[in-house]
Amino acid sequence: MKYFYVNLIFLFFSLNLAAQDPSEARISKEFLLGKTAYTESHFVKVDPKHASRNMYLNRETYTAFERMFKAAKADGIHLQIVSGARSFEHQKAIWDRKWKANEDLEPLCRSQKILEFSSMPATSRHHWGTDIDLNNLENSYFEEGSGKAEYEWLVQNAARFGFFQVYTSKDSGRTGYNEEKWHWSYLPLARHYLQAYNEMVSYEDIAGFEGAYLAEVQEMIADYVNGISQEEPASITGNTERQTVFTEPGE
């Protein structure tokens, strides 16, 4: 009986520690769809010195960014987060604004126009708090001057901190969004969330906004959610040995 209680106490503390470890965070469908609050334990508010406005990120992602920020600063490169975690409602506001701005187009063309650079709600990697937009939202900014220096630094160094440009040139046959030189994903976490998304989310879950019925027509999951560069650097670092726990609604 004594050993039973000892084992019970050990199990209690082990579960408690796991629950506090953001790298072992339980993954729910609501989280993957952007329908959880930033007050969840795995989100943290970004320090104003790193961001252009108030925003949140996954705690582990932000820790990695802070390390990258310091390394870039030492090399004379300034990095600023212009967009971090975005909830379903935040993404819906962006989508609705662009849907209205393109109302002269028929629905499918309207959706395709928006999807050049913006996600449908419930399909964005920004929902996970693992993805950041840096410095500017125009590719042309990164083609000359300080923008070019910033981009070249990221290409050469971001992988050391776990970050990867997922939306690269489409010349190699990549599907989905156009190239985004500003969009960097923290892969040690994002790769697990993408796996969970493919396991748990269906087209029935992509709903609640104008044009949502087009998600399946445009193969949002296959061509956009999974439309990322496959040229992942071998030097990507971070916590890659985490346990991914999927949960069902209500758990």
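Quick notes on this one:
- Candidate set from region 90-105 (those that are under 25 Å from E30 (Cβ atoms) and either polar (S, T, N, Q) or in contact (Cβ under 8 Å) with a residue 40 or more places away in the chain (or both)); member that is surrounded by the fewest Cβ atoms within 10 Å (Cβ to Cβ): D96
- Of all residues making up region 42-53, the number that are under 17 Å from the mean Cα position of the chain (by Cα) and open to solvent by 30 Å² or more (accessible area, probe 1.4 Å): 2
For (1) modelled with pLDDT of 95 or more; (2) in contact with a Phe, Trp or Tyr (Cβ under 8 Å, 6 or more places away or on another chain); (3) closer than 19 Å to W99 by Cα, each residue gets a yes or a no:
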| position | (1), (2), (3) |
| --- | --- |
| V201 | yes, no, no |
| F209 | yes, yes, yes |
| A215 | yes, yes, yes |
| Q230 | no, no, no |
| A234 | no, no, no |
| G238 | no, yes, no |
| E248 | no, no, no |
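- Any hit, region 165-181, residues being in a helix (DSSP H, G or I) and in contact with a Ser or Thr (Cβ under 9 Å, 6 or more places away or on another chain): no
- Consider region 182-236 and keep the residues that are of a type in the set (A, V, I, L, M) and part of a loop (DSSP other than H, G, I, E, B). The one that is nearest to the chain's Cα centre (by Cα) is I228.
Results for (1) out of contact with any His (no Cβ under 8 Å at 6 or more places or on another chain); (2) in contact (Cβ under 8 Å) with a residue 12 or more places away in the chain; (3) open to solvent by 10 Å² or more (accessible area, probe 1.4 Å), shown as yes or no for each residue.
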position	(1), (2), (3)
F65	no, yes, no
M68	yes, yes, no
K73	yes, no, yes
S119	no, yes, yes
Y151	yes, yes, yes
Q156	yes, no, yes
V166	no, yes, no
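- Flag for R86 being among the basic types (K, R), open to solvent by 10 Å² or more (accessible area, probe 1.4 Å) and closer than 22 Å to G208 by Cα: yes
- Of the listed requirements (1) free of Cβ contacts under 8 Å to residues at least 40 places away in the same chain; (2) over 22 Å from Y197 (Cβ atoms); (3) open to solvent by 30 Å² or more (accessible area, probe 1.4 Å), L108 misses just one: (1).
- Check on S124, small (G, A, S), in contact (Cβ under 8 Å) with a residue 24 or more places away in the chain and open to solvent by less than 10 Å² (accessible area, probe 1.4 Å): yes
- Filtered residues of region 178-203 (kept if under 22 Å from A215 (Cβ atoms) and open to solvent by 30 Å² or more (accessible area, probe 1.4 Å)): N178, Q195, N198, E199, S202, Y203
- Boolean, N16 is farther than 21 Å from T63 by Cα, open to solvent by less than 70 Å² (accessible area, probe 1.4 Å) and either modelled with pLDDT under 90 or outside any helix (DSSP H, G or I) (or both): yes
- Pairs, first at negative phi in region 183-196, second in a strand (DSSP E or B) and among the acidic types (D, E), C-beta under 9 Å, six or more apart: H183/D131; H183/D133; W184/D131; W184/D133; S185/D131; Y186/D131; A190/D131
- Just so you know, in region 127-149 the residues that are within 18 Å of R86 (Cβ to Cβ) and assigned to a loop (DSSP other than H, G, I, E, B) include one that is most open to solvent (accessible area, probe 1.4 Å), and it is L137.
The values are calculated or read from the model by the stated rules, or taken from the named source; none is laboratory data. Keep in mind it's a predicted model, so treat the numbers as computed, not measured. Don't worry about glycine lacking a Cβ; one is built from the backbone with ideal geometry, like all the others, and counts go over all protein chains shown. With ligands, DNA and RNA removed, areas are computed over all heavy atoms of the protein, side chains included. Shrake-Rupley method; radii C 1.70, N 1.55, O 1.52, S 1.80 Å.
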